[in-house]
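Have a look at the structure below before the remarks.
The values are calculated or read from the model by the stated rules, or taken from the named source; none is laboratory data. If you're wondering where the values come from, they're calculated on a predicted model, not measured in any experiment. As a convention, Cβ positions derive from the backbone with ideal geometry for all residues, glycine included, and neighbour counts pool all protein chains shown.
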Amino acid sequence: MSIHPNVSVAAAIPPAYVSRHADICRHPLVPVFKAATWRLVAAADTFVVTYLVTGSLGWAGSVVGIEVLTKMALYYGHERAWDKGLRIAVKRAMGYRRPRPWLF
């Protein structure tokens, strides 16, 4: 994977950025907080749209209640999968290979 034919992904990421942000970005609770704040915005949008379509505050509240729970779980799983895939891609771009104990 490369950005330009002569530039690898590893070369495109400044080392200072990686070292400063690696610990924060890899913490498993970061996606939880991102999901929670995003869900507040998305829930408000869902409430307004549902109310405009149905004209019922009860239905709008019910839809938001179910949607918030399902979307937070889906978002968390998506973030974790994305982070894992990104780490694997960066390691491969940097030439990292998992040690093979049977070769030693």
Taking the stretch 71-100 as the search range and keeping residues that are among the aromatic types (Phe, Trp, Tyr) and in a helix (DSSP H, G or I), which one is surrounded by the most Cβ atoms within 10 Å (Cβ to Cβ)?
-> 75
Spans of helices (runs of 4 or more DSSP H) in the stretch 1-61 with at least 2 residues under 21 Å from residue 71 (Cα atoms) and modelled with pLDDT of 55 or more | 30-54
Which members of the stretch 37-64 meet the condition of being under 29 Å from residue 27 (Cβ atoms) and surrounded by fewer than 16 Cβ atoms within 10 Å (Cβ to Cβ)?
-> 37, 38, 40, 41, 44, 45
Residue by residue through the stretch 56-93, note down the ones that are among the aromatic types (Phe, Trp, Tyr) and farther than 18 Å from residue 34 by Cα.
-> 59
Just checking, how many residues over the stretch 31-61 are farther than 28 Å from residue 82 by Cβ and aromatic (Phe, Trp, Tyr)?
-> 2
